[in-house]
1. Going by alpha carbons, how many degrees (0 to 90, nearest 10) lie between the helix axis of 2-16 and the longest principal axis of the chain?
2. For the chain, what does -39500 (n - 2.57) per DSSP helix run (n ≥ 4), summed and divided by total residues, give at 222 nm, in deg cm²/dmol to the nearest 500?
3. Rounded to two decimals, what is the ratio between the C-alpha radius of gyration of region 22-114 and 2.2 N^0.38 Å?
4. Using the 10 angstrom Cβ neighbour count as an exposure proxy, how do 42, 64 rank, fewest first?
5. Output the 0 to 90 degree angle, nearest 10, between the alpha-carbon long axis of helix 24-46 and the longest principal axis computed from the alpha carbons of the chain.
6. In whole percent, what relative contact order does region 29-106 give with Cα contacts below 8 Å and a gap of six or more residues?
7. On a full-extension model of 0.36 nm per residue, what is the gain between residue 40 and residue 55, subtracting their alpha-carbon distance, rounded to one decimal in nm?
8. Going by a ≥ b ≥ c, the root eigenvalues of the Cα gyration tensor, does region 62-114 fall in the rounded group (a/c under 1.5), the prolate group (a/b larger than b/c) or the oblate group?
């Protein structure tokens, strides 16, 4: 829960440009993120050479930077859906356990009456 609060605080502070509200760890995270973004930006700008991409039956030309960006996005999307699948499974397990608890609670109530 605090992680979401930290993200909200970072977003609000960055948008308003009021860095005094950030904690030291948030400032460090922000600097690291900016540094990593800068490294990727430099790499992106320097790698505009075109490469020939062959995929199944298709063949097309694409810049290396764009190819790397698309690969990263595809990986992020795959991780997102993998995480969503795990969340869905956990929700189903929780629903099943809640039904089981409800059934057991009804049995306890019946035993107390009888």
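1. Taking Cα atoms only, the helix is inclined about 40 degrees.
2. Details: 3 runs with 88 residues, N = 114.
Computed ellipticity for the chain at 222 nm equals -28000 deg cm²/dmol.
3. Working: Rg = 25.7 Å, N = 93, 2.2 N^0.38 = 12.3 Å.
So region 22-114 has a normalised radius of gyration of 2.09.
4. On the way: 42 10, 64 15.
Lowest to highest Cβ neighbour count: 42, 64.
5. So the helix axis and the longest Cα principal axis differ by about 40 degrees.
6. Values: 30 pairs, mean separation 13.2, N = 78.
With pairs under 8 Å counted, the relative contact order is 17 percent.
7. Values: separation 15, 0.36 × 15 = 5.40 nm, distance 2.54 nm.
2.9 nm is the gain from fully extending residue 40 to residue 55.
8. On the way: a/c = 13.42, a/b = 11.98, b/c = 1.12.
In terms of gyration-tensor shape, prolate.
Bear in mind that the values in this text are calculations on the coordinates, not laboratory data. Just so it is clear, the structure is predicted and the values come from calculations on it, not from any experiment. Cβ coordinates were reconstructed from backbone atoms using ideal geometry, including for glycine residues, and neighbour counts include every protein chain displayed.
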